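Everything below concerns the one structure shown next.
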Amino acid sequence: MAWAPESIRPCAGLSSQEQGTSGPERMMPETPAIFIEPFASADREECLRVFDSNTPRFFAPEERAAFAAFLDASPGPFWVVRLEASLRVVGCGGVSIAPDGRTAWLRWGMVANNEHGGGIGRRLLSMRLGWIDERGGVETVRVATTPAASGFFQQLGFARLRVTPNGYGPGLDRHDLILPAGARVGQMDALS
């Protein structure tokens with residue numbers, strides 16, 4: 001079956017037992033019921049609110065204008081995550097493919113600060129990696145992020161290539177990470 005946004009609507013949460021974990025040390029909150037759909041210009045302000053909720057820990061305030069311009073340029077594959085119950089946008093993220101078709105970049109991925117830790121980011125990442133795999137030809141996936149988000153990606157198999165001190169602004173380093181194609185096969189199962 002070819003990947004389509006509808007193939008992941010809705011994403012019901014998994015209990016800790018369904019996630020293969022048990023006991024209080026491994027219990028995670030259930031992922032709320034969500035759906036992921038392509039970004040539309042009407043989603044712009046809600047995406048900016050998600051951005052604002054993550055400033056300054058995950059994004060430098062100066063980056064807001066660049067994110068707004070990115071949204072205004074009708075970004076290529078870019079999606080929003082909505083809570084099924086309220087239809088409120090609680091996350092967004094996209095993908096770009098390098099001209100040679102062999103490298104994919106994760107672009108502007110974020111989840112509303114009050115929704116962190118509930119599995120929404122994992123679902124959004126899983127969807128984006130699935131889209132990349134369905135496209136074919138991509139050998140590596142890269143992401144540039146901040147120290148606060150770097151651990152999220154590293155625990156899911158991404159390896160750090162380099163750190164650029166103050167790469168996003170004073171006190172906000174840039175971490176460049178990579179996920180080789182061979183690692184993605186296992187990651188799709190781990191993220192599901």
Can you tell me which residue is farthest from Ala60 (Cα to Cα) among those in region 159-177 that are crowded, with 17+ Cβ neighbours inside 10 Å and of a type in the set (A, V, I, L, M, F, W, C)? Leu177
Please enumerate the residues belonging to region 105-133 that are in contact with a strand residue (DSSP E or B) (Cβ under 7 Å, 6 or more places away or on another chain) and at positive phi. Trp108
Out of all the residues in region 72-114, which are in contact with a Ser or Thr (Cβ under 7 Å, 6 or more places away or on another chain) and within 16 Å of Phe35 (Cβ to Cβ)? Ala112
Filtered residue count, region 161-172, keeping only those that are over 22 Å from Gly117 (Cα atoms) and either basic (Lys, Arg) or touching a helix residue (DSSP H, G or I) at 6+ places or on another chain (Cβ under 9 Å) (or both): 4
Extreme residue, nearest to Gly94 (Cα to Cα), among residues of region 23-40 that are modelled with pLDDT of 95 or more and not in a loop (DSSP other than H, G, I, E, B): Pro38
Could you check region 62-74 and list, in sequence order, the residues that are at negative phi and either touching a residue at least 60 places away in the same chain (Cβ under 8 Å) or not in a helix (DSSP H, G or I) (or both)? Glu62, Glu63, Ala73
Mind listing whichever residues of region 86-136 are of a type in the set (Asp, Glu) and surrounded by fewer than 16 Cβ atoms within 10 Å (Cβ to Cβ)? Asp100, Glu134
Do any residues in region 163-192 that are at pLDDT below 90 have Cβ atoms under 6 Å from those of residues that are of a type outside the set (A, V, I, L, M, F, W, C) and part of a helix (DSSP H, G or I), where the two are at least six apart or on different chains, and which pairs are they? Gly169/Glu62; Leu191/Arg122; Leu191/Ser126
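Condition check ((1) within 16 Å of the chain's Cα centre (by Cα); (2) part of a helix (DSSP H, G or I); (3) under 15 Å from Val111 (Cα atoms)) across all residues:
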site: Ala42; (1), (2), (3): no, yes, no
site: Cys47; (1), (2), (3): yes, yes, yes
site: Phe58; (1), (2), (3): yes, no, yes
site: Gly76; (1), (2), (3): yes, no, no
site: Arg82; (1), (2), (3): yes, no, yes
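The values are calculated or read from the model by the stated rules, or taken from the named source; none is laboratory data. Model, not experiment: these values are computed from the prediction. Because the Cβ atoms are built from the backbone with ideal geometry, glycine has one as well, and the counts that use them run over all protein chains shown.
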